[in-house]
Amino acid sequence: FEDAFWGASLNVIYPSAKTNGASAARTFTATNANHFLELISGTDNAGYAGTGLDVSMTGSRGVLLETVIRTPSAITTMKFEVGFNDSVSANAGVINAKSTPTALATDGVALVFDTTDTATGLSFVGVQSGAVAGTGDISGVTIEVSTTYRFAIRIEGTAASAYLNGNWIASLSSAVTAATKLTPWVFVQARTHAASRTLQLHKWRISQPAY
């Protein structure tokens, strides 16, 4: 599956977005410049917006997620995730806290940016049957304002690897439960009252090996 958000409306394959709080939304605008889906955290403290697809992909078969996202013009008081979640409707994100990571999902893996931990750092965090493991901030990777990032995550069995602009940046050997069904996932959350943040998802592609 691949979507660059062209056309007059959002593809009907998408389930309802996961949102909470005033003005939180997943917004598709036809023919906007360069095509993107907006995830808007809204103005509530801890308000959020997340989007996924079918919860059907497993590490047992193997799956690759490739994304193109763009950060907003202000990234203070903000959290975002790019990765895999075990639910679209149940979890307000894969990871609750990036520092000494705790989880909201039972299984999932994500690249996580969270200013309640560090101002510009990015971590790779996995949840395997409730057990959380993370890399801490990835060396040489910083998140900046108004910047386009090409993130990819590959799951093979229980292991997961993360890439930025085609280059490997992190791995986890026990990232997820291999047989657990997952959905691709992009998520943004406000970390203070009245500071809405908008993350743009310009493209994503999800592929699995053919049997």
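The values are calculated or read from the model by the stated rules, or taken from the named source; none is laboratory data. Here the structure is a predicted model, which means the values were calculated and not measured. Cβ coordinates were reconstructed from backbone atoms using ideal geometry, including for glycine residues, and neighbour counts include every protein chain displayed. To get the accessible areas, we keep the full protein, side chains included, count just its heavy atoms, and leave off ligands, DNA and RNA. Shrake-Rupley method; radii C 1.70, N 1.55, O 1.52, S 1.80 Å.
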*asked:* Given the criterion of a type in the set (A, V, I, L, M, F, W, C) and more than 18 Å from MET57 (Cα to Cα), identify the matching residue among LEU182, LEU164.
replied: LEU164
*Would you check which residues across segment 86-111 are in contact (Cβ under 8 Å) with a residue 60 or more places away in the chain and not hydrophobic (A, V, I, L, M, F, W, C) and list them?*
ASP86, SER87, SER89, ASN91, GLY93, THR106, ASP107, GLY108
*Go through (1) farther than 17 Å from ILE95 by Cα; (2) surrounded by 19 or more Cβ atoms within 10 Å (Cβ to Cβ) and name the single condition ALA110 misses.*
(1)
*Determine whether ALA194 is at pLDDT below 95 and open to solvent by 40 Å² or more (accessible area, probe 1.4 Å).*
yes
*Taking segment 179-204 on its own, how many of its residues are more than 19 Å from VAL112 (Cβ to Cβ), assigned to a strand (DSSP E or B) and either in contact with an Asp or Glu (Cβ under 8 Å, 6 or more places away or on another chain) or hydroxyl-bearing (Ser, Thr, Tyr) (or both)?*
1
*asked:* Looking at (1) among the small types (Gly, Ala, Ser); (2) open to solvent by 60 Å² or more (accessible area, probe 1.4 Å); (3) modelled with pLDDT of 95 or more, which one does ALA17 not meet, given that it meets all the others?
replied: (2)
*Using the structure shown, decide if ARG191 is within 18 Å of ILE95 (Cβ to Cβ) and among the charged types (D, E, K, R).*
yes
_Only one of SER146, SER87 that is open to solvent by 40 Å² or more (accessible area, probe 1.4 Å) and not β-branched (Val, Ile, Thr)_ = SER146
*asked:* Here is a list: SER123, SER129. Which entry is among the hydroxyl-bearing types (Ser, Thr, Tyr) and either more than 23 Å from TYR163 (Cβ to Cβ) or touching a residue at least 60 places away in the same chain (Cβ under 8 Å) (or both)?
replied: SER129
